[in-house]
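Novice: Below are the structure tokens for one structure; questions will follow.
The values are calculated or read from the model by the stated rules, or taken from the named source; none is laboratory data. Not measured: the values here are computed from a predicted model. Neighbour counts run over all protein chains shown; Cβ positions are idealised from the backbone, glycine included.
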Amino acid sequence: MNSLKNRTLLKVIVLGDSGVGKTSLMNQYVYKRFNRQYKATIGADFVTKELHIEEKPVTLQIWDTAGQERFHSLGSAFYRGADCCVLVYDVNNLKSFETLNNWHMEFLKQANPFEPETFPFVLIGNKTDVDGGNTRVVSDKRAIEWCGSKGNIPYHETSAKEDINVDEAFLGVAHKALTNE
Ligand code: GTP
Ligand code: MG
């Protein structure tokens, strides 16, 4: 966390399997647009969003990362100084849920935060719109249980495509990141 002229800069890292919708969530949140076509993220890039939390001006610096294995090479310098880690899975894809343990562990290993037990994470279950929920394989109950097992991580469900709950989820992220001050 950095303060520049009273504006708080919060560094947020978004992780999760390839194709779960990390880039789509950020594009919907920051630019209000959605692209059906999949274009893999290579390496990492950030977008910023300015908002107010309890009248406090905050800049969210949201780092989008590559889910594809062959592009994993960010290194620990990249994760250091993060104020929050957002884990994303696809509610229609069991493997993307099961891999959350690895992403969680890998983040803590790389970022090496001062207090790993209390480091702010947020979980997002994305693509709730697909086939009206008929292809869903991970229940919200199961997701919430997982969050509980990791020290009560806040959980949000979204559709980046239909812009459902995206603003709320990132607002939750900003609140959580602020706790890392
Ligand atoms: P990597 O960059 O490879 O790590 O993938 P990613 O997690 O950034 O996924 P991305 O945002 O590129 O989305 C993958 C595909 O899923 C794209 O074709 C998106 O259009 C689609 N998609 C993303 N979010 C949603 C959603 O909420 N609903 C539906 N139906 N499709 C989505
Ligand atoms: Mg991407």
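Novice: Hey, could you check the range 28-44 for residues that are surrounded by 15 or more Cβ atoms within 10 Å (Cβ to Cβ) and in a loop (DSSP other than H, G, I, E, B) and say which is nearest to ligand 1 (Cβ to nearest atom)?
Specialist: Thr41
Novice: Which is over 30 Å from Arg36 (Cβ atoms) and of a type in the set (A, V, I, L, M), of Leu108, Leu94, Leu74?
Specialist: Going through Leu108, Leu94, Leu74 in turn, the sole match is Leu108.
Novice: Being more than 12 Å from ligand 2 (Cβ to nearest atom), in a strand (DSSP E or B), free of Cβ contacts under 8 Å to residues at least 24 places away in the same chain and not basic (Lys, Arg) is the requirement here; does Thr48 meet it?
Specialist: Spelling it out, Thr48 is indeed more than 12 Å from ligand 2 (Cβ to nearest atom), in a strand (DSSP E or B), free of Cβ contacts under 8 Å to residues at least 24 places away in the same chain and not basic (Lys, Arg).
Novice: When the range 45-63 is examined, which residues are found to be closer than 18 Å to Tyr79 by Cα and either buried (at least 17 other Cβ atoms within 10 Å of the Cβ) or among the β-branched types (Val, Ile, Thr) (or both)?
Specialist: Val47, Thr48, Thr59, Leu60, Gln61, Ile62, Trp63
Novice: For the structure I just gave you, tell me whether Arg142 is at pLDDT 95 or above and within 15 Å of ligand 1 (Cβ to nearest atom).
Specialist: Considered against the rule, which asks whether it is at pLDDT 95 or above and within 15 Å of ligand 1 (Cβ to nearest atom), Arg142 comes out as no.
Novice: Same structure again: Let me confirm something: among Glu145, Glu69, which residue is over 14 Å from the mean Cα position of the chain (by Cα), of a type in the set (Asp, Glu) and farther than 18 Å from Gly19 by Cβ? Walk me through how you get there before you give the answer.
Specialist: Working: Glu69 fails: farther than 18 Å from Gly19 by Cβ.
Among Glu145, Glu69, only Glu145 is over 14 Å from the mean Cα position of the chain (by Cα), of a type in the set (Asp, Glu) and farther than 18 Å from Gly19 by Cβ.
Novice: Do any residues in the range 7-27 that are part of a loop (DSSP other than H, G, I, E, B) have Cβ atoms under 9 Å from those of residues that are within 9 Å of ligand 2 (Cβ to nearest atom) and hydrophobic (A, V, I, L, M, F, W, C), where the two are at least six apart or on different chains, and which pairs are they?
Specialist: These pairs meet every condition: Ser18/Ala40; Ser18/Ala66; Gly19/Ala40.
Novice: For the range 1-29, how many residues meet the condition of being touching a Ser or Thr at 6+ places or on another chain (Cβ under 8 Å), aliphatic (A, V, I, L, M) and at pLDDT 95 or above?
Specialist: Count: 7.
Novice: Can you name every one of the helices (runs of 4 or more DSSP H) wholly within the range 78-155 that holds 1 or more residues which are closer than 21 Å to Ala174 by Cβ and of a type outside the set (A, V, I, L, M)?
Specialist: 100-111, 140-149
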